[in-house]
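Here's the structure we're looking at; comments come further down.
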Amino acid sequence: MAASVKGWDKLQKKFKTLDSTLQGRILENSVVAGALLIQNAVIVKTPVVSGTLKRSIHIGGHTDMSPGFQGHDLGIKEQSDNKVVLSIGTDVEYAPYVEFGTKRQAAQPYLRPAFDNQKQSAVNEISVALKEQIDKVL
């Protein structure tokens with residue numbers, strides 16, 4: 001996912017003046033802000049039979065940000081002062097069958113369409129959150 005941010009060079013200079021621990025925390029918080037948009041879209045698109053699948057959707061490594069979460073944290077999270085990788089998904093074992101279908105059940109995609117519909121909004125949210133947090137600290 002690529003995006004351009006207006007005023008990025010100026011923002012990057014400010015960002016580099018911060019302590020590396022603070023950089024990592026600001027970057028992670030900003031990425032989580034964007035990921036929440038995708039997570040919410042996934043939840044809305046998730047087909048419901050019992051509700052277990054819908055309640056299990058969360059941001060890996062950030063189950064504290066998933067109200068009503070049921071299941072085990074995916075735990076997929078990578079963070080440094082200049083990189084954050086998060087996952088959005090579920091540990092419910094039948095989730096892939098719902099997304100991709102089976103011989104007996106038609107696919108009911110919910111993850112990929114939600115990501116595709118929200119990725120640009122997520123990038124925009126990350127940019128806004130990054131700028132706000134850097135300006136707040138400085």
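The values are calculated or read from the model by the stated rules, or taken from the named source; none is laboratory data. No experiment lies behind these values; they were computed from the predicted model shown. Positions of Cβ are generated from backbone atoms using ideal geometry, with glycine treated the same way; all protein chains shown enter the neighbour counts.
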Report task. Assess whether Glu125 counts as being modelled with pLDDT under 95 and either surrounded by fewer than 19 Cβ atoms within 10 Å (Cβ to Cβ) or in contact with a strand residue (DSSP E or B) (Cβ under 9 Å, 6 or more places away or on another chain) (or both). Result -> no
**Report entry** the range 51-87 - residue that is part of a loop (DSSP other than H, G, I, E, B), within 28 Å of Glu132 (Cα to Cα) and in contact with a strand residue (DSSP E or B) (Cβ under 8 Å, 6 or more places away or on another chain) and, of those, modelled with the highest pLDDT
**Finding:** Ile57
Requested in this report: Would you be able to tell me the number of residues in the range 92-124 that are in contact with a Gly (Cβ under 6 Å, 6 or more places away or on another chain) and either farther than 13 Å from Pro47 by Cα or of a type in the set (Asp, Glu) (or both)?
Outcome: 1
Requested in this report: Just give me the residues in the range 13-61 being of a type in the set (Ser, Thr, Tyr) and farther than 18 Å from Gln118 by Cα, in sequence order.
Outcome: Thr17, Ser20, Thr21, Ser50, Thr52, Ser56
Query raised in the report: Quick check, is Gln105 touching a helix residue (DSSP H, G or I) at 6+ places or on another chain (Cβ under 7 Å) and surrounded by 14 or more Cβ atoms within 10 Å (Cβ to Cβ)?
Result: no
**Report entry** Evaluation of Leu138 against (1) surrounded by 13 or more Cβ atoms within 10 Å (Cβ to Cβ); (2) in contact with a helix residue (DSSP H, G or I) (Cβ under 7 Å, 6 or more places away or on another chain) (one fails), failing number
**Finding:** (1)
**Report entry** Lone unmet requirement of (1) in a loop (DSSP other than H, G, I, E, B); (2) buried (at least 19 other Cβ atoms within 10 Å of the Cβ); (3) of a type outside the set (Phe, Trp, Tyr); (4) modelled with pLDDT of 75 or more for Val48
**Finding:** (2)
Report summary line: Screening Ala114, Ala106 for residues that are in contact (Cβ under 8 Å) with a residue 40 or more places away in the chain and of a type outside the set (S, T, N, Q) leaves only Ala114
